[in-house]
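The values are calculated or read from the model by the stated rules, or taken from the named source; none is laboratory data. Please read all numbers here as calculations on a predicted model, not as lab measurements. Reconstructed Cβ throughout: ideal geometry from the backbone, glycine too, with neighbour counts over all protein chains shown.
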Amino acid sequence: MPSHGIIFATSNFKAHDLNDEKDQLPASELMMQVWDEVAGSKKDDLKWVVRSHIVNEGTQSIISEALKKLSSGEKQLTQVTQDCDKEVFQALSGTPNCKGMYPTLAFHEGTQNKRVTDLYVWDEGGQNYFIAMKIGNK
């Protein structure tokens, strides 16, 4: 949704990339290439990358632990920053659903001055997990 500065990824699976392993790009780089294509002149306006319907059990577990530690109730959107809890921020950042975004922002043309500033996590009753990465300037 270029008009809102959002990439909303509902499904990306490495197993769906049928290229030779040496030719495969990280999912985050593919997202950025699609973003560049659809956003056109607004490609510098990226503000959010949302990963929804997360099926990775390790990521689900870390989201659940983050919510237990930081939220005041179920089904609540919970903000995580390095200032509020560096350990949780780093754990979430290291999940397969987030970690590719960091080098992609660092090296993708036009995003070198961007970084992930905040993470927002939530789940819908243990069935549907989400991570939203807020993108800001360095």
Matching residues in region 75-101 (in a loop (DSSP other than H, G, I, E, B) and more than 16 Å from Gly125 (Cβ to Cβ)) number 8
In region 25-47, residues that are outside any helix (DSSP H, G or I) and crowded, with 16+ Cβ neighbours inside 10 Å total 2
Might you let me know whether region 53-73 holds any residue that is under 11 Å from the mean Cα position of the chain (by Cα) and under 20 Å from Ser28 (Cβ atoms)? yes
Being outside any helix (DSSP H, G or I), surrounded by fewer than 19 Cβ atoms within 10 Å (Cβ to Cβ), in contact (Cβ under 8 Å) with a residue 40 or more places away in the chain and among the hydroxyl-bearing types (Ser, Thr, Tyr) narrows Ser64, Ser72, Ser52 down to just Ser52
Exactly one of Thr104, Thr111 is touching a residue at least 60 places away in the same chain (Cβ under 8 Å) and in a loop (DSSP other than H, G, I, E, B), and that residue is Thr111
Checked against (1) closer than 20 Å to Phe8 by Cβ; (2) polar (S, T, N, Q); (3) at pLDDT 90 or above, Gln90 satisfies every condition except (1)
How many residues of region 117-138 are crowded, with 16+ Cβ neighbours inside 10 Å, in contact with a Lys or Arg (Cβ under 8 Å, 6 or more places away or on another chain) and within 14 Å of Val55 (Cα to Cα)? The answer is 4
